[in-house]
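See structure below.
Each value in this text was obtained by applying a stated rule to the coordinates, not by laboratory testing. Keep in mind that this is a model prediction, so the values were computed, not measured. Cβ atoms come from the backbone with ideal geometry, glycine included; neighbour counts cover every protein chain shown.
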There are 2 protein chains.
Amino acid sequence: MTAATAELSELTFQTHPDQYKHWLLSVEGDIATLRMAIDPEGGLREGYELKLNSYDLGVDIELADAIQRLRFEHPEVRCVVLTGNLDRVFCAGANIVMLRSSGHAFKVNFCKFTNETRCGIEDAAENSGLRFLAALNGTASGGGYELALACEKILLVDDRNSAVSFPEVPLLGVLPGTGGLTRITDKRKIRRDRTDVFSTIAEGIKGKRAVEWDLVDGIAPLSRWDEAVGEMARGMADEIQVRGDQGVPLPKLDVTADGVNRTYKYVSLQMDEAARTAELTITAPDTCPTDAAAAFAEGANWWVLQAYREFDDALLHLRMNLRMNALVLVRAKGSSDTVRKTDALLCGSDHWFVNETKHFVKRTLKRMDLSSRSFFAVADAGTTFVGSFLELALSGDRTYILNDPDIPVNLGVTEANAGHFPMSNGISRLETRFLGTPDDVKTVLDHKSGPDFDAETADELGLATYAPDDIDWEDELRLAVEERASFSPDALTGMESNLRFAGPETMETKIYGRLSAWQNWIFQRPNAVGERGALSCYGTPNRPEFNLERT
Amino acid sequence: MTAATAELSELTFQTHPDQYKHWLLSVEGDIATLRMAIDPEGGLREGYELKLNSYDLGVDIELADAIQRLRFEHPEVRCVVLTGNLDRVFCAGANIVMLRSSGHAFKVNFCKFTNETRCGIEDAAENSGLRFLAALNGTASGGGYELALACEKILLVDDRNSAVSFPEVPLLGVLPGTGGLTRITDKRKIRRDRTDVFSTIAEGIKGKRAVEWDLVDGIAPLSRWDEAVGEMARGMADEIQVRGDQGVPLPKLDVTADGVNRTYKYVSLQMDEAARTAELTITAPDTCPTDAAAAFAEGANWWVLQAYREFDDALLHLRMNLRMNALVLVRAKGSSDTVRKTDALLCGSDHWFVNETKHFVKRTLKRMDLSSRSFFAVADAGTTFVGSFLELALSGDRTYILNDPDIPVNLGVTEANAGHFPMSNGISRLETRFLGTPDDVKTVLDHKSGPDFDAETADELGLATYAPDDIDWEDELRLAVEERASFSPDALTGMESNLRFAGPETMETKIYGRLSAWQNWIFQRPNAVGERGALSCYGTPNRPEFNLERT
């Protein structure tokens, strides 16, 4: 393994504030402070130092964990202040040496996870009434500024030195912040000629001009920095309601590892390494709470929260640790009654904890949509694709439903399919599926109040891609799986990225669809990663040498 | 020059039906037939044979010309039938050997031009009342099917053999049709699991299933093929109005070439090869027709039509022949009064010829937006960025305006800036610029009825990126130009592609922004273009060998 493709043996995504190496989380009343204090020696692997609060995936895994815990464990918090522990520098963005020495697939997946975390901050602001203030106590560059952009408000210290900047184009020959350009054009809606200028000034923009161009919401001198941050956070907190007073702790998930396989309580992931396929199965239990108080009493053990936490963890394991996996066969099993009762609660309660759980399920489903794996939903003996479990099938690229009167297969629709779990494009999976025949959405949703239906009906409703009988089933599925695994992995990624998001576009689809694709392109180009590419030369005595052809 | 980067010395985009090698254009009454009859030996360069109606850029240049002429020269035509001259095959898509032996930049620019031509067909349908029927008399594969998708209706021959197909993913390891996936999801709105299946079946889908999946609008047996095509075309034609009876012939543009430079009547393009910059200047004449009848009497000599035809030709020359060019300095000169009078006519007349001219100006401006070049609009001595000419400045990445009381610079707004020339994102350049401050659009448009204003006012209105005085002007512009040319060309392409299209997304922005970026990425990947990549191996005895990592 050469330095250029140095990678990690296995990544884990479970952590806890007690174990954080890079963040300090403190809560005082209704204001939390999340302080970036990156340990330069605490990188995920050897070979780079996380200087100047530059980050790697490990830093972002902790950040994602912290945001998640703030949502579940601290309903009393109304405003989160993101700030840094260094003088003059808030965050220098993604670590360049780490990027340079990572393989392409890792780099792409790192950027994706980072984007998901940033979008998670925005999701918390929109759906949990949790406001974020980026208190930039020093310069925020590249991904550091992008993190600030994900926050609702940005306050920058006015010390004649600290700036916000996107130095990637001039210094590294890659796109800024992996998502930042979309936030600058579509969230802050800054004039495009100014974003052009801003994105080419390596040293960034500071002070009054940063405010004038709306790159930040305000500045404050060092002499009254803490006071200014406190006032702004106080003001933001006072404008919204407190969600709750008692939080729900999120314990570590129990997982049994057997080689690359993973078995959790409600989820199992079995990989066939030779075939490059994985079986991912989620199972609903026989009983469940039916009102918010009972669900809250169960806390993190509430089956639906635990099941999707496990599913999310399995997806990340697949993405980052099982990169040779081509295709995932998804099954949903267990009690339809449990899913129906739980969906009714998820979609009908205004309890903060139920709301948080619903949005977590939504984010997990989105994580699936955004994973560069083919997903085939398999509805065969004993499966229960009902309601929120049906969303897993609708997330898939295809659905195979066994249509045999002797082998009952359970399918069904609930309120959960009527828009409670929007995709990144802002509409439901049913609406995306039936974009050209919107009446079909209604016809399917007519089955909302039950009962479940069989394969035949599912096929008539347009929910099956293929519905072979028992005689053809095995061969048809086997051939489809073998074929899928034989295709170019890159062509599949490109194809799925385009087919999965028909219809409307949002900031999210732009980030994952458009901007990511350009970045992936640039990350492959010799002008960035070649021997004399800008990313390769940065911080070395060499100057980049470009192929000057405009493409 | 190796085979892998074999390219053309210089391309020209002017042609005429008399010179077509690959298309037969015939007009009978209100129905035109455009018959693809590709000359296998007529490729743009040596090294490949255009078998089975497979195409290269030369074929598409003729197609673009034919569509353009149908709009201007044949206002009597209401329906265009696109069909082929071969048995069993309509069109096999882009020629694989040509693709394989082309350099990356050429390939990307070829795909872009092809997409622009396809979008041009849709623009004609939407804005010229010209309906297109793809009469697929044989199999339409890849780009061949994409061409059909660009038409409003598709009729497929039902001969047990002919199909529509996207074989790229299974056979070539690249994305289908360079724009086709967007049309399938967003124009025909076909169910995503079906598009997934369709895009992985190399042999395609034919007959009744093609109709059932809405891949085509109808099928007809060979025995009554001509009759069925005729009936469908007749029906389509009868549903709309005839635009006019007498066409406007489009003569060859007069152009003086001096090395790579080009001088036309109203446009000049001067390249500084050492600096990698070009100066592109458009000039309005002193007098002009002021009503539709007078404009129509001038025909293709009407200054605004000729000027933008020249501008369009210069842009294509820049793109395809001057690929080392980094940055274009755009100037607009001449009579403001002429531009104002012409804008009033363009935006106020319902004459078909004026309408065609307006939409041609629109498409030329879009071509500029979509060119992978940096554009700086330069407003200095003698320039006239008024109305439709102001759109050129608004297309640019930045605007430099000389702010010196002794050197008058002319700027102004007309009705043309109020939405008559939408960008690919469907909104005006002013609306895109002021996405975050929509009131600024109104403030600018308050100047619509004139008079022109000076640099100072333009700056106050937010139209200048920089407005230095005479003392700083030269240095500031020179430094900005030198800096721009020093950046990674790829990073600039990615950045500009993202910054130029803030706000709403459309099928067009998806095609040029999202899908193109994925294709560009895949076009660079070893799994497609490496020694054992799928594109490299196709048609050879070698089987592709993939790096199986999903990215």
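Scoring A:337-345, B:289-297, B:116-124, A:211-219 by mean Cβ neighbours within 10 Å over their residues and listing the highest first yields A:337-345, B:116-124, A:211-219, B:289-297. For the residues of B:502-508, the average number of beta carbons from a partner chain within 10 Å of their own beta carbon is 4. For the peptides B:35-41, B:196-202, A:515-521, residues were scored by their other Cβ atoms within 10 Å and the scores averaged per peptide; the highest-first order is A:515-521, B:196-202, B:35-41.
For peptide A:59-72, the mean count of partner chain Cβ atoms within 10 Å of a residue's Cβ comes to 0.
The same position B:E474 in the other copies lies at 8.5 nm from this copy, comparing label points 7 Å beyond Cα toward the beta-carbon, shortest first. Inter-copy label distances for B:D406: 9.9 nm (label point placed 7 Å from Cα along Cα→Cβ; shortest first). Under 5 Å between amide hydrogens, built in the peptide plane, is the criterion, and for B:I219 it picks out B:L156 among residues at least 5 positions away or on other chains. Rounded to whole numbers, the Karplus 3J(HN,Hα) couplings from phi for the stretch B:294-304 are 5, 5, 4, 4, 7, x, 5, 7, 3, 3, 6 Hz, using 6.51 cos²θ - 1.76 cosθ + 1.60 with θ = phi - 60°, and x at Gly and Pro. Considering only beta bridges that DSSP places wholly inside the stretch B:258-488, some 35 percent are antiparallel.
Under Stokes-Einstein, with the Kirkwood radius over Cα pairs as Rh, the value for the stretch A:258-488 at 10 °C and 1.306 mPa s is 89 µm²/s. Amide H contacts of B:V80: B:A32, B:R131, B:F132, B:L133, each under 5 Å away and 5 or more positions distant or on a separate chain (H built 1.01 Å from N in the peptide plane; Pro and chain starts excluded). Helical runs assigned H by DSSP (4 residues or longer) give the protein assembly as shown a calculated mean residue ellipticity at 222 nm of -11500 deg cm²/dmol, each run adding -39500 (n - 2.57) before division by the residue total. For the pair the stretch A:32-101 / the stretch A:445-507, the C-alpha centres are spaced 39 Å from each other. For the stretch B:293-352 and the stretch B:143-176, compute the distance between their C-alpha centroids and round to whole Å. Distance between centres, Cα-based: 36 Å.
In nanometres and ascending order, the distances from the A:E231 label point to those of the other copies are 7.9 (point 7 Å from Cα along Cα→Cβ). Computed 3J(HN,Hα) for the stretch A:173-182, one whole-Hz value per residue from the Karplus formula 6.51 cos²θ - 1.76 cosθ + 1.60 where θ = phi - 60°, is x, 10, 7, x, x, 6, x, x, 5, 5, glycine and proline marked x. Taking a straight line from the alpha carbon of A:K206, these lysines sit under 25 Å away, with near neighbours fewer than eight places off in the same chain left out: A:K51, A:K153, A:K187, A:K189. Taking 12 Å as the straight-line reach from the Cα of A:K107, the aspartates and glutamates in range (excluding those fewer than 8 positions away in the same chain) are A:E7, A:D56.
Taken one residue at a time, the phi angles of the stretch A:145-162 give Karplus couplings (6.51, -1.76, 1.60, θ = phi - 60°) of 6, 4, 4, 5, 5, 6, 7, 6, 10, 10, 10, 10, 5, 9, 10, 6, 10, 6 Hz. Gly and Pro are set to x. Between amide H atoms placed 1.01 Å from N, distances below 5 Å from A:E505 occur with B:E505, all of them 5 or more places distant or on a separate chain. Straight Cα distances below 23 angstrom link B:K333 to the lysines B:K265, B:K341, B:K358, B:K362, B:K366, B:K448, with same-chain residues fewer than 8 positions distant left out. Counts of other chain beta carbons within 10 angstrom of each beta carbon in peptide A:336-347 average 0. Divided by 2.2 N^0.38 Å, where N counts the residues, the Cα radius of gyration of the protein assembly as shown comes to 0.94.
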